[in-house]
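The structure under discussion appears below in the form of structure tokens.
The values are calculated or read from the model by the stated rules, or taken from the named source; none is laboratory data. Owing to the predicted nature of the structure, the values given are computational and were not obtained by experimental measurement. Here the Cβ positions follow ideal geometry from the backbone for every residue, glycine too, while neighbour counts run over all protein chains shown.
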Amino acid sequence: MIEARNLTFSYGKEKQALHGLDFSVEDGEIFGFLGPNGSGKSTTQKILTGILKGYGGRVSLFGEDMRSGHTQAFFQKIGVLFEFPYLYTNLSALDNLHYFASFYPREQRRDAEELLDELEFKKDFLNKPVSSYSKGMRQRVSMARALMNNPRLLFLDEPTSGLDPSGAVLFRRIIEEERKKGTTVFLTTHNMMDADLLCDRVAFLSNGEIAALDTPSRLKENNSRHRVKVEYLYRGKRQESLLDAAALRAGLTIPHDELLRIHSQEPTLEEMFLHYTGRGLS
């Protein structure tokens, strides 16, 4: 679906943003592209979506070289959710979606009202201008816009930004439903919960280079010290011990009266982010 080989890009002579990236994304995969601000995420996404030209190396989507692949047919196969919603604020949600739908063949379009209903958009705002919407409502319209053409490849940049917890759960469910339909998803996010729950594989980007690329579970496993924290009661006192996970398989051998809980000491994806990029989630 996506293949990048030795991908480079410079903003003038002084600032090289990408340093020979190599990665591929399979059909039907949710691929997380993670990194701090300034790491090259947005630059890579702009190249993949045809916004940026003048890159070095080779990039192909749908088996076609990107240098010759920016045809109308190409843009009809992708959907894009930008971090900052690109909507006409003087138009309503329905007017925006009907306008953007007009760029696609009629048989390819999804019904605008049905999409907004799936995204739990407030019906009494359907015909009100976007300027009156909250950030979460604008995000719902932007997601509907990205899904309007039934894309084969979906680019999502911070999809749950501006959403409350229930809205974030809804968006994750919709992204999973797209995967079940066979849609490929290229996800950029600072939300490590989204990445951990959704992504088949993730790449950590640091200073324009890929520092690590694997499944979230393998990345955490490879960086685990294979220790568990055991909390228990012994002689009326609450105590805890740090044990090797392998030793625990034979049973809890330390003196105890009641086992309270066992905590895995496996690192989180957020800790992996810090480990590989050396920077926080900003």
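A few notes on this one:
- Gly136 vs. criteria in a helix (DSSP H, G or I), in contact with a helix residue (DSSP H, G or I) (Cβ under 8 Å, 6 or more places away or on another chain) and not basic (Lys, Arg): yes
- The single residue among Val169, Val185 that is assigned to a helix (DSSP H, G or I) and either modelled with pLDDT under 95 or not acidic (Asp, Glu) (or both) turns out to be Val169.
- Subset of region 31-83 that is in the same structural domain as Glu176 (by TED's automatic domain parsing) and in a strand (DSSP E or B) - its residue that is nearest to the chain's Cα centre (by Cα): Gly32
For (1) crowded, with 16+ Cβ neighbours inside 10 Å; (2) in contact (Cβ under 8 Å) with a residue 12 or more places away in the chain; (3) among the charged types (D, E, K, R); (4) closer than 30 Å to Gly54 by Cα, each residue gets a yes or a no:
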residue	(1), (2), (3), (4)
Asp65	no, no, yes, yes
Leu97	yes, yes, no, no
Phe100	yes, yes, no, yes
Arg109	yes, yes, yes, no
Asp124	no, no, yes, no
Asn149	yes, yes, no, yes
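- Look at region 72-90: where a residue is more than 22 Å from Pro105 (Cβ to Cβ) and at pLDDT below 95 and a partner is part of a strand (DSSP E or B) and not aliphatic (A, V, I, L, M), sitting 6+ places away or on another chain with Cβ atoms under 6 Å, you get Phe82/Asp157; Glu83/Asp157.
Condition check ((1) closer than 30 Å to Ala101 by Cα; (2) in the same structural domain as Glu107 (by TED's automatic domain parsing); (3) of a type in the set (Ser, Thr, Tyr)) across all residues:
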| position | (1), (2), (3) |
| --- | --- |
| Leu154 | yes, yes, no |
| Glu158 | yes, yes, no |
| Gly162 | yes, yes, no |
| Phe186 | yes, yes, no |
| Ile210 | no, yes, no |
| Pro216 | no, yes, no |
| Leu233 | no, no, no |
| Leu252 | no, no, no |
| Asp257 | no, no, no |
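- Unmet requirement for His190, which otherwise passes all of (1) modelled with pLDDT under 95; (2) part of a helix (DSSP H, G or I); (3) in contact with a Pro (Cβ under 9 Å, 6 or more places away or on another chain): (2)
- Filter result (at negative phi and touching an Asp or Glu at 6+ places or on another chain (Cβ under 9 Å)) within region 9-21: Leu18, His19, Leu21
- When we screen Gly50, Gly57 for residues that are farther than 27 Å from Gly136 by Cβ, in contact (Cβ under 8 Å) with a residue 40 or more places away in the chain and surrounded by fewer than 21 Cβ atoms within 10 Å (Cβ to Cβ), the only hit is Gly57.
- Candidate set: region 207-253, residues that are of a type in the set (Lys, Arg) and part of a loop (DSSP other than H, G, I, E, B); chosen: the one modelled with the highest pLDDT: Arg235
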